[in-house]
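The values are calculated or read from the model by the stated rules, or taken from the named source; none is laboratory data. These numbers come from a predicted model, not from an experiment. Glycine also receives a Cβ, built like all others from the backbone with ideal geometry; neighbour counts cover every protein chain displayed.
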Amino acid sequence: MSELAWGVLAAGALILFLITGMPVAFALGSVAILFLLIVDGPSSFNVIAETLFGGLDEFALLSIPMFLLMGAAVAASRAGADLYEALDRWLYRVPGGLLISNIGACGVFAALTGSSPATCAAIGKMGIPELRKRGYPAGLATGAIAAGGTLGILIPPSITMIVYGISTETSIGRLFIAGLLPGMMLTLLFMAWAWIYAYSKGYRFIEEDKSFSLKEKFVILPKVIPFLIIIVLVLWALYGGVATPSEAAGVGAFFAIMLVMLIYRVWRPAALWSILRTATRESVMLMLIIGMAALFSYMMSTLYITQGIAEWIATLDVNRWILLLFVNIFLLVAGFFLPPVAVILMTTPTLLPIITQAGFDPIWFGVVLTVNMEIGLITPPVGLNLYVINGIVPDVKLPVVLWGALPFMLCMVIGIVLLCVFPQIATWLPDYLMGPTL
């Protein structure tokens, strides 16, 4: 049987397992073990455990539970509510200002937590009811929060960037810097669409009897600024070469917990245990996906599927931008069915050699890949953010949320086009701060 036929069978089996509702990690592991048994027989059991644990034998992976712990601590407090309130007080007079402030809150909260679902849940619980109360259409209100939550996997510190850096052996610090300007660009594109929509419809969405004094605008900032300082210090430690990603993540998690305890008085053992339990549950889930994806990749390599696909793509006599278009379409479709971490671990061993051979920067490609994964988070059937939003406001049907998020998907596509036309958006800052790659 040809490598392409094996690949089609493996992909079909994986999709079938996912359709049944099986967790992604178990689906990846089951397909990998099944095909290894078919090809190598019982002797394949000799390498399954070793390959699984080998996929987790990476010191940099320690940064993932640390960043998740930092995010869990912030999500357990009123930091999101205060951030939302602060932006609302400063932007309430701008057309569509509440919507813009929600998107801004998503961007900042995403940087604090690194988690798209957590961002959707934290900002959506406060923002969506308020948006609807002030007259915003349900689709726009829910779609904006669903899209804003995706910024969590691009704006540093990003779990997705850590996984990409480990799987491609590229600098995580450089990847974090590369995601900074594109993350800000996407946030501004989202805000621009919100403003254009409000202005074109003649909506101002302003309560005439509502106003905030300068004192009221500044009084809430002391609760928000310390958490922003944590982000700045973590990024400074990484970019300045002061600490490794794991060390910076550990220190960031420690200070996040300390701030939550001091500012919001979250010091009861039950509350602290809830934070640790949440971080542990998410960490185990991600680590299991990483380990099973390593096993799946080993199966693909053993059956020569990965190499066969790479050789087939390499034989295509097309312009490198056409090649990149095909890669983007492939990533987009993969993101419809799989979470970002699984897509990265499964595809980068095949795609990265092709991308670098075509003359593209691997750091830049990491950013483009991540934006593709953002689109996947708000597209069915797996679009996790859609289901989080639907859980917050069950009276708003899923198709309404999807149509509300569609303009923001187009903003992401525009972002990918801009990154292709102006790759310096992603590469200039890391080259400036850390020097050009050799």
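The table for this structure:
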{"item": "Among residues of the range 11-52, those that are on the phi > 0 side of the Ramachandran plot and under 24 Å from the mean Cα position of the chain (by Cα), counted", "result": "1"}
{"item": "Residue that is in a loop (DSSP other than H, G, I, E, B) and out of contact with any Gly (no Cβ under 6 Å at 6 or more places or on another chain), where the choices are A243, A237", "result": "A243"}
{"item": "Matching residues, the range 19-42, being crowded, with 19+ Cβ neighbours inside 10 Å, aliphatic (A, V, I, L, M) and within 24 Å of P340 (Cα to Cα)", "result": "V24, A25, A27, L28, V31, A32"}
{"item": "Single condition K215 does not satisfy, out of (1) at pLDDT below 80; (2) assigned to a helix (DSSP H, G or I); (3) within 32 Å of the chain's Cα centre (by Cα); (4) not hydroxyl-bearing (S, T, Y)", "result": "(3)"}
{"item": "Test: residue in the range 77-86 that is farther than 25 Å from A426 by Cα, assigned to a loop (DSSP other than H, G, I, E, B) and modelled with pLDDT of 75 or more", "result": "yes"}
{"item": "Output for the range 383-407, where each listed residue is more than 14 Å from the chain's Cα centre (by Cα) and not in a helix (DSSP H, G or I)", "result": "V393, P394, D395, V396, K397"}
{"item": "Residue tally, condition free of Cβ contacts under 8 Å to residues at least 60 places away in the same chain and surrounded by fewer than 24 Cβ atoms within 10 Å (Cβ to Cβ), over the range 149-175", "result": "1"}
{"item": "Any hit, the range 137-148, residues being farther than 24 Å from M287 by Cβ, outside any helix (DSSP H, G or I) and touching a residue at least 60 places away in the same chain (Cβ under 8 Å)", "result": "yes"}
{"item": "Residues satisfying the stated conditions in the range 169-198, i.e. of a type in the set (A, V, I, L, M, F, W, C) and closer than 24 Å to L61 by Cβ", "result": "I172, L175, F176, I177, A178, L180"}
{"item": "Condition check for P381: modelled with pLDDT under 80 and either closer than 16 Å to A294 by Cα or crowded, with 21+ Cβ neighbours inside 10 Å (or both)", "result": "no"}
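This table checks each residue for (1) of a type in the set (A, V, I, L, M, F, W, C); (2) under 19 Å from W195 (Cα atoms).
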site	(1), (2)
G107	no, yes
A110	yes, no
S116	no, no
E130	no, yes
R134	no, yes
P137	no, yes
L140	yes, yes
A146	yes, yes
T150	no, no
